[in-house]
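Structure first, commentary second.
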Amino acid sequence: MAHISEVQRGIACGCNCPACGGRLVARKGDENVPHFGHDDGEACGGGPETVLHLLAKEVFQTNPTMLLPERLGLAKGNVVMKPGQQVTTQFLRTEFTDPKTIIPDLYVRALGYDLFVEVAVTHASDEGKIQRLREHGVMAVEIDLSKLPRDSIREQITDAVLQSAPRCWLYHPDIDRALAKSRADEEKWQAAQEKRFADFQARHENRVGELARAYVDASRQLAGKKIVVPRDAELQAVGLAPHVGIKVAGYACFTVPPAVWQAVILTEVFHDKCLGDEIPKAVPITKHLEKRNLIRPLFRRVSREVADDTALAEPRFAPAWKAIDSYLQHLLGKEVLAHQGYGVMLEKHLADKWTARTLALKQRTAAMHAAVQKVDWILAELPDRERGNMTGESWLDSVHTESGMTYRAAIRSDIEAPKITSEIDAVFAMLRGNGRLPYATAGLPVEGAIERRKAQIAKQARDLREKQIQEANRLRQSRRDRLCVDAETELTGPDLGAFLNTKRDELNAMTPLEAAEDSEPGLTKARDQLSALVRQRREQAEADAERKLYQEKIIADAKQALSAKDVETFLNGRDDDLGRTTPLLYVRDDPTYRKAQGKLAEWQRGFGGPF
């Protein structure tokens with residue numbers, strides 16, 4: 001056999017069809033893909049398939065290694081899928097024929113066993129052939145080359161035959177054994193399933209009968225049971241008492257009569273909100289009642305199938321969750337409950353009324369507990385002879401004079417409770433030493449304590465007054481000392497004494513010392529007077545120094561401008577233009593100095609210079 005690429009063009013190729021034997025032409029033009037064609041123009045149709053068959057057989061004669069496909073097998077008694085494996089084959093012959101009419105494409109030996117190899121190009125092996133292989137007892141593998149392109153080269157065909165082409169086992173004794181084991185396991189499992197189903201049916205029937213009988217017995221037990229409705233006063237107060245004790249299908253699943261478990265649902269689930277964030281509906285409520293042991297153990301976790309069949313046997317039966325759901329539906333119909341999302345809730349007007357009542361009750365209870373605690377503390381603070389045999393509990397049972405009730409009842413009264421509480425608080429505060437004298441005793445033996453408190457308050461007042469006087473004297477002396485320190489810093493000698501002891505109108509006719517002793521504002525005013533005096537004296541000293549400077553300047557000017565006899569006359573002579581004073585006394589600053597210089601200039605012109 002030759003590939004199209006290995007022969008000359010046209011009839012010169014010298015090739016014949018492997019299927020029909022007719023002469024072939026090698027068509028190797030520039031437009032079409034190179035291929036063989038029959039010289040007479042009519043194709044037999046079997047050439048490519050025959051070539052693939054022949055080349056596949058040729059592969060096994062030159063390449064000893066091939067890939068066997070995966071297969072079913074047994075491992076430690078279990079059916080497993082064993083992976084494919086590479087094996088080295090020994091080629092025996094092609095087109096093996098035996099008396100049982102088995103004609104495999106190839107006959108090889110691998111892993112010490114004979115192996116038939118079938119090459120499928122257009123038709124795979126049918127069931128008849130597979131059965132004959134099984135009867136023959138020789139393992140057989142089929143390689144599928146139906147998808148292999150008909151123009152494949154030898155290398156592609158070799159790879160497909162030995163490695164890449166799909167392949168499967170036509171027969172392997174281990175596969176048959178594994179399939180037999182699998183069928184046996186399936187039959188065994190099916191038999192076990194049938195037995196389990198039969199057992200389940202028997203148990204189901206027993207369970208249904210047991211539940212039906214138990215439900216009847218439970219109904220009889222509840223019929224004679226005494227009913228004590230929990231928190232009945234609350235239900236009566238908010239108008240819910242008529243909505244407990246409703247008989248619904250399944251009511252005997254509970255350990256208590258309907259009035260009891262229904263009261264628990266209303267009080268604990270809808271008022272106390274014991275489910276937390278969980279939505280109130282049948283199943284969560286059922287779990288809560290189970291925790292409270294209000295559902296009989298036999299009727300817990302009843303499947304739907306068992307419940308349905310039990311209801312057929314005993315029409316009054318329903319599972320606990322269904323009984324609760326029926327009760328909730330009843331409350332919805334009576335407008336006790338309202339829908340909220342996927343659950344239900346109390347109608348708002350009922351919830352608000354109940355909440356207000358509960359809050360008031362809690363406040364009264366808390367007030368009573370607080371009062372009793374304070375009474376116990378008060379009694380513990382009293383001497384034994386004053387306390388006698390009174391305790392907090394005995395005080396609660398004593399009579400409240402104003403109302404005629406016991407203190408236990410009066411302290412729960414909306415009218416008397418505030419007054420009693422305030423009386424106890426006053427006595428409590430008095431004994432702790434931080435309150436006024438109480439206006440009433442709240443029935444407690446505290447008269448002696450009140451007298452002792454009065455004496456204590458009087459002594460505290462005296463002590464306080466004495467401390468206030470001492471503090472006032474200390475502050476007075478402190479203000480006096482601070483003023484003296486400030487004055488001694490600025491003044492000395494007679495000036496110091498004159499300032500401190502001279503009465504001043506600015507200080508309300510008091511001396512600076514008296515003003516400082518009188519008050520802090522007086523000290524401030526005295527300091528202001530000291531500051532004003534110091535400032536005045538400083539300004540006066542500055543003015544005197546400036547006057548002296550200008551006097552010396554005018555004297556020097558006069559001596560330079562006039563004769564010696566006229567100098568004294570000018571300096572000490574009064575002048576109307578200088579305020580009827582002398583030039584020497586007139587000059588005190590630059591303007592007065594210049595004016596005096598003007599007068600000096602007049603003198604100089606009138607009397608001449610110094611020479």
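The values are calculated or read from the model by the stated rules, or taken from the named source; none is laboratory data. Only a predicted model underlies this, so the values are computations on that prediction, with no experimental measurement involved. For neighbour counting, all protein chains shown are included, and Cβ atoms are generated from backbone atoms with ideal geometry for every residue, glycine included. The accessibility values were calculated without ligands, DNA or RNA, using every heavy atom of the protein model including side chains. Shrake-Rupley method; radii C 1.70, N 1.55, O 1.52, S 1.80 Å.
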Legend entry - Two-site FRET efficiency, E135 against E6, from Cβ-Cβ distance with R₀ of 56 Å, rounded to 0.05: 0.80
Inset, instruction - Give, in nm to one decimal, the length gained when the segment between N293 and D352 is fully stretched (0.36 nm per residue of separation minus the Cα-Cα distance). - result: 18.3 nm
Inset, instruction - Name the long-range amide H neighbours of T406: under 5 Å, sequence gap of 5 or more, or other chain; modelled H, no Pro or chain starts. - result: H400
Inset, instruction - For K454, list the lysines whose Cα falls under 30 Å from its own Cα; do not include residues on the same chain fewer than 8 positions away. - result: K374, K419, K467
Inset, instruction - Could I have the simple spin-label model distance between E210 and K559, label points 7 Å from Cα toward Cβ, reported in nm to one decimal? - result: 14.5
Inset, instruction - Just grab the label-to-label distance for A472 and D528, each label 7 Å out from Cα along the Cβ direction, in nm (one decimal). - result: 2.5
Legend entry - Accessible area of the range 242-283 belonging to carbon and sulfur atoms, whole % at 1.4 Å probe: 56
Inset, instruction - Kindly sort K188, K28 by accessible area of their heavy atoms, largest first, with the probe set to 1.4 Å. - result: K188, K28
Legend entry - 222 nm mean residue ellipticity, helices alone, for the chain (DSSP H n ≥ 4; -39,500 (n - 2.57); rounded to 500): -18000 deg cm²/dmol
Legend entry - Placed amide H near F254: partners under 5 Å, 5+ positions off or other chain: R296
Inset, instruction - May I ask you to evaluate 6.51 cos²θ - 1.76 cosθ + 1.60, the Karplus curve with θ = phi - 60°, for each residue of the range 541-558 and list the ³J(HN,Hα) values in order in whole Hz, giving x for glycine and proline? - result: 5, 5, 5, 4, 5, 5, 4, 5, 4, 6, 5, 5, 5, 5, 5, 5, 5, 5
Inset, instruction - Please report, as a whole percent, how much of the solvent-accessible surface of the range 293-410 comes from carbon and sulfur atoms (probe radius 1.4 Å). - result: 54
Inset, instruction - With r as the distance between the Cβ atoms of E506 and D463 and R0 = 51 Å, compute the FRET efficiency 1/(1 + (r/R0)^6) and round to 0.05. - result: 0.85
Inset, instruction - Kindly write out, for the range 470-482 in residue order, the coupling ³J(HN,Hα) from the Karplus curve 6.51 cos²θ - 1.76 cosθ + 1.60 (θ = phi - 60°), rounded to whole Hz, with x marking Gly and Pro. - result: 4, 5, 4, 5, 5, 5, 4, 5, 5, 5, 4, 5, 5
Legend entry - Positive-end residue, the range 153-209 charge dipole about Cα centroid, Cβ charges, pick of G209, P166, A178: G209
Legend entry - For the range 230-239, Karplus couplings with θ = phi - 60° (6.51, -1.76, 1.60), whole Hz, Gly/Pro x: x, 6, 4, 4, 5, 5, 5, 5, 9, x
Legend entry - Rounded, prolate or oblate (a/c below 1.5 giving rounded, otherwise prolate when a/b exceeds b/c) for the range 199-334 by Cα gyration tensor: prolate
Inset, instruction - With Cα extents along the principal axes in Å defined as stated, name the option among (1) 181, 113, 47; (2) 120, 80, 43; (3) 83, 57, 49 computed from the structure displayed. - result: (1)
Inset, instruction - For the range 481-593, calculate the relative contact order in percent as a whole number, restricting contacts to Cα pairs under 8 Å that are 6 or more residues apart. - result: 17
Inset, instruction - Evaluate the distance, in nm, between pseudo-label points positioned 7 Å from the Cα of E447 and of R537 along their respective Cα→Cβ axes. - result: 7.3
Inset, instruction - Would you mind classifying the range 95-193 by shape? Square roots of the alpha carbon gyration tensor eigenvalues, ordered a ≥ b ≥ c; an a/c under 1.5 is rounded, otherwise it is prolate if a/b is larger than b/c and oblate if not. - result: prolate
Legend entry - Average accessible surface area per residue within the chain, 1.4 Å rolling probe, Å²: 59
Legend entry - Unit charges on C-beta of K, R, D, E only; dipole of the chain, Debye: 2180
Legend entry - Burial order of peptide ranges 132-142, 223-233, 8-18, 557-567 (average beta-carbon count within 10 Å, highest first): 132-142, 557-567, 8-18, 223-233
Inset, instruction - Quick one: which residues, 5 or more positions from E70 or on another chain, have an amide H under 5 Å from its amide H? H modelled 1.01 Å from N in the peptide plane, none for Pro or chain starts. - result: G84
Inset, instruction - May I ask for the net charge around W395, where only other residues with Cβ less than 13 Å from the Cβ of W395 are counted and Lys, Arg are +1 while Asp, Glu are -1? - result: -1
Legend entry - Pairwise FRET efficiency - R231 versus A184, Cβ, R0 = 60 Å, nearest 0.05: 0.35
Legend entry - Whole-percent carbon and sulfur share, accessible surface of the range 55-94, 1.4 Å: 50
